[in-house]
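For reference, the structure is listed below as structure tokens.
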Amino acid sequence: MGKEVTYLHCNIGNVTIGRGWPIAVQSMCNTLTSDVEASIAQCVALHNAGCDIIRLTTQGLKEVEALGAIKAALRSRGITTPLVADVHFSYKVALAAAAGIADKVRINPGNFSKDHTVAMEKFGELIDICKEYGTALRIGLNHGSLGERITSRWGDTPLGMVRAVMEWLEVCVRKEFFNVTVSLKSSNTIVMTEAYRLLSETMATELGMVFPLHLGVTEAGGGTTGRIKSAVGIGTLLGEGIGETIRVSLTENPVNEVPVGRKLRNLAANFSDNKSVIPTEIHSDTLEDFIIEASYAIGPHLLKGGDADFPLKGYVAGKELSPEVMDDFRSDLLQACRRRFAKPEYIACPSCGRTQFDIEKLLDKITRRTSQFAGIKIAVMGCIVNGPGEMADADFGYVGEGNGKVTLYKGKEPVQRGISEDNGVEKLVELIEKELSAKES
Ligand code: SF4
């Protein structure tokens, strides 16, 4: 007989996530959290769109205070949507947010200190505060942000991500704190799906308990490609019964993320089997629905190495989609599944309260100016604090520094700092051209 496995649940304010509960759809404000009025307005818009849980950037104590004011204003309007404090580095900020302000705190405890023993102690203190105030935690690790201690042993791999998160989960179990969710995001759909699958199995075999999983494809970009990547990564796992809460990250107004997440939830609830049959026709109400439904249905087969020449006809509102639209969709889907690279790969952060510029407009400009570099991975990140750590395996990066300046990266190395935003895109194009011609010669 196999070991008995307990599937845990997590209480975030008045929302419970876990096996047997509806999949919760999350999003994240991209306002400055310190701009309380703008943040309230965006939270209301997200709530009206059907968002179940809202996250806000909480980089300092000033933002913790603002988060408290935002929460109070929402509650006074009868909006009870749980709020999550997104804390990256400071454990003091995490402690303050967990002490009766946020319903959940999202952290990567490895960022609390370079010294692992110190980080463990600080994490333990945070757990004590969460227990005292009934606050939930999300341990969020992203591909590409693992420390040397892990990568030297396990590599920057799904296994490395799982081993890193298991260390923190073991602390939770030792301290009997179970109000926890976990995310292991990557912009690479293969890495992302393998990491979550492996974590789910590892928690079951090593802990005998499975913490609820928060699914997301990070830095997915926007428009059609962002929707396809998210539908492939999240949809594949939901179809396997993995994942209790989801966030579709789009480099757009966060309100646009909610209908995509809700659509994926409905697909998983009503047509969970996207593993055995590849449809040859898909009939949808809108083009966005078609993109999500077709990616959900076909993505898992392509990720597994299935036939790239799949036959598919698409219909929107009863009308067949043109060969051009279908060719574009097919090309984007194959790229999202890492099968063929007909375009550059854009790794673009969804933006948040730390963003230094209008990333949606910028991504559009960079996409237009770099379309000739098929197969090259270009990261477009909103801030210098977290952007470089979240660029994963990008070949080049364009990262906001603040004050109208950007830094250009080659791989993980900053190669040009303090570039004016006005000519940043042209400098990026020059850098890529120079590197590609050096490789050719
Ligand atoms: S990289 Fe983008 S999403 Fe991540 S913290 Fe910076 S601005 Fe926010």
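Here are the numbers:
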item	result
Meets criteria (in contact with a helix residue (DSSP H, G or I) (Cβ under 7 Å, 6 or more places away or on another chain) and of a type in the set (D, E, K, R)) for E125	yes
Within the stretch 385-397, considering residues that are in a loop (DSSP other than H, G, I, E, B) and at pLDDT 85 or above, the one farthest from the ligand (Cβ to nearest atom)	D395
Checking F211 against (1) more than 24 Å from D86 (Cβ to Cβ); (2) touching a residue at least 40 places away in the same chain (Cβ under 8 Å); (3) of a type outside the set (A, V, I, L, M), the condition it does not meet	(1)
Selection count, the stretch 398-429, where residues are assigned to a helix (DSSP H, G or I) and touching a Leu at 6+ places or on another chain (Cβ under 9 Å)	5
Residue check for K434: within 15 Å of the ligand (Cβ to nearest atom), surrounded by fewer than 18 Cβ atoms within 10 Å (Cβ to Cβ) and not in a loop (DSSP other than H, G, I, E, B)	no
Hey, P350 touching a Leu at 6+ places or on another chain (Cβ under 9 Å), modelled with pLDDT under 90 and surrounded by 15 or more Cβ atoms within 10 Å (Cβ to Cβ) or not	yes
Matching entry among F329, F341 (being under 25 Å from G235 (Cα atoms) and at pLDDT below 95)	F341
S34 among the hydroxyl-bearing types (S, T, Y), farther than 29 Å from L8 by Cα, in the same structural domain as G13 (by TED's automatic domain parsing) and touching a helix residue (DSSP H, G or I) at 6+ places or on another chain (Cβ under 9 Å)	yes
Yes/no for G140 being within 16 Å of the ligand (Cβ to nearest atom), assigned by TED's automatic domain parsing to the domain that holds A164 and either in a helix (DSSP H, G or I) or not hydroxyl-bearing (S, T, Y) (or both)	yes
Filtered residue count, the stretch 40-57, keeping only those that are touching a residue at least 60 places away in the same chain (Cβ under 8 Å) and touching a helix residue (DSSP H, G or I) at 6+ places or on another chain (Cβ under 8 Å)	8
Within the stretch 1-51, tally of residues that are acidic (D, E) and either within 16 Å of the ligand (Cβ to nearest atom) or touching a strand residue (DSSP E or B) at 6+ places or on another chain (Cβ under 7 Å) (or both)	1
Counted residues, the stretch 326-367 - those being among the charged types (D, E, K, R), in a helix (DSSP H, G or I) and within 13 Å of the ligand (Cβ to nearest atom)	1
Filter result (under 20 Å from R106 (Cα atoms) and in contact with a His (Cβ under 6 Å, 6 or more places away or on another chain)) within the stretch 72-94	T81
Selected residue [surrounded by 14 or more Cβ atoms within 10 Å (Cβ to Cβ), farther than 22 Å from N108 by Cβ and in contact (Cβ under 8 Å) with a residue 24 or more places away in the chain] from V385, V380, V429	V429
Residue within the stretch 302-320 that is under 26 Å from the mean Cα position of the chain (by Cα), part of a helix (DSSP H, G or I) and not β-branched (V, I, T) present	yes
Conditions (1) in contact with a helix residue (DSSP H, G or I) (Cβ under 7 Å, 6 or more places away or on another chain); (2) within 15 Å of the ligand (Cβ to nearest atom): number failed by I376	(2)
Subset tally (residues that are in contact with a Lys or Arg (Cβ under 8 Å, 6 or more places away or on another chain), of a type in the set (S, T, Y) and surrounded by fewer than 16 Cβ atoms within 10 Å (Cβ to Cβ)) for the stretch 294-346	1
Scan of the stretch 398-420 for residues that are within 11 Å of the ligand (Cβ to nearest atom) and of a type in the set (A, V, I, L, M, F, W, C), ordered by number	V399
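The values are calculated or read from the model by the stated rules, or taken from the named source; none is laboratory data. Quick caveat: nothing in here was measured; it's all calculated off a predicted structure. Positions of Cβ are backbone-derived with ideal geometry, glycine not excepted, and every protein chain shown enters the neighbour counts.
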